[in-house]
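Notes follow the structure.
Read-outs: derived from the displayed coordinates by stated rules, not from any lab. Since this is a predicted model, take the numbers as computed values, not measurements. Positions of Cβ are backbone-derived with ideal geometry, glycine not excepted, and every protein chain shown enters the neighbour counts.
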Amino acid sequence: MARRDRTGTPGESLWRLIDFRPEIDDRARAAVEGALLGAGLLDAWVTPDGVVLDPETWDAILVPGTAQTGPTLADLVVAVEFDDIAESVVTEILVGIGIIDDEAVGEPATPWISPDGRWAIGPLRGRTGQEYASYIGPRARDAARNRQLDLLDTRLDALTVSVSDVEKDLLELDSRLVALAGEERTQPTDSTVRDVLSELGVVRKHHAQLSDDLGRSSDRLRTVRESLGRATEDLRGYAATHRTPTRADQLDAVWAALADLSVTIDTARARHPHRFATTTPPKILDLPDTVWINRPATQETDTQAA
């Protein structure tokens with residue numbers, strides 16, 4: 001739905017042509033303005049002579065109607081001077097809009113509005129509410145403007161905080177970019193990576209070879225352990241048969257004793273080589289002709305003298 005551009009068209013919206021009477025409180029002002037807004041009357045166009053424009057005009061034109069008996073909108077608002085629109089034209093429109101309240105008996109002719117936000121135009125009924133009056137009267141427009149400015153200030157403060165946070169984030173990003181650039185400079189070049197990958201391939205191949213060698217060595221070690229086990233069992237059997245020790249310390253003691261015996265034999269061979277000859281029979285000591293068990297004393301003396 002489109003509405004014509006009102007620029008350059010004689011007249012003005014109703015809300016710019018009226019103001020609340022001083023005795024109307026803020027709550028009633030907000031309700032009345034809400035009712036006019038809901039009914040479509042607040043922004044309806046009022047022409048200087050109060051007549052409808054060309055029938056082809058796409059717009060809502062507010063024209064004077066029959067004055068209603070009883071309370072009317074003129075009891076709540078008054079016409080204000082505005083350029084070439086006479087106050088009498090606006091007042092004639094206001095007295096054509098009735099006012100109804102909770103104590104009213106029956107329903108006046110439409111259009112009408114209520115201080116609680118209800119409204120009626122022809123068969124259409126409704127109720128519109130708002131917290132503040134924002135259009136009717138300079139005071140309402142100033143208050144609305146101040147509320148909007150306060151809201152903008154609040155939003156501006158929030159945006160300022162957001163901008164500050166964004167600036168902090170940007171500083172952090174800058175520092176991270178600097179750190180990233182530093183890390184990038186320390187990274188190896190493509191040729192270095194290729195060389196490392198080539199060396200890695202050689203190392204992996206060598207590792208595979210070592211793994212094979214380790215497997216073969218493990219097999220040999222298992223064989224040696226099995227042979228050692230058999231030799232150990234043989235040694236234990238030999239030791240049991242010949243009553244020889246099997247512990248290392250005992251074998252060391254035997255080895256030391258054998259070494260001492262070897263030294264003793266070498267010494268005896270040096271002193272008595274004829275007894276250890278390998279080419280002639282060993283010389284046996286001469287045996288005496290007589291052996292006494294209890295030699296007589298005289299015989300012993302003679303023997304000693306001889």
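Here are the numbers for the structure shown:
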| item | result |
| --- | --- |
| Inter-centroid distance (Cα atoms) of the range 219-237 relative to the range 139-199, Å | 75 Å |
| Intensity falloff of the range 102-213 expressed as log10 I(q)/I(0), Debye formula with alpha-carbon point scatterers, at q = 0.20 Å⁻¹ | -1.10 |
| Radius 12 Å from Cβ of ASP83, net charge of other residues (Lys, Arg +1; Asp, Glu -1) | -3 |
| Residues of the range 80-99 with amide N under 16 Å of a point placed 7 Å along Cα→Cβ from VAL63 | 89-90, 92-94, 96-97 |
| Proximal charge balance of ALA240 [Cβ under 14 Å; K/R count +1, D/E count -1] | +1 |
| Cα gyration tensor, the range 210-272 - rounded (a/c under 1.5), prolate or oblate | prolate |
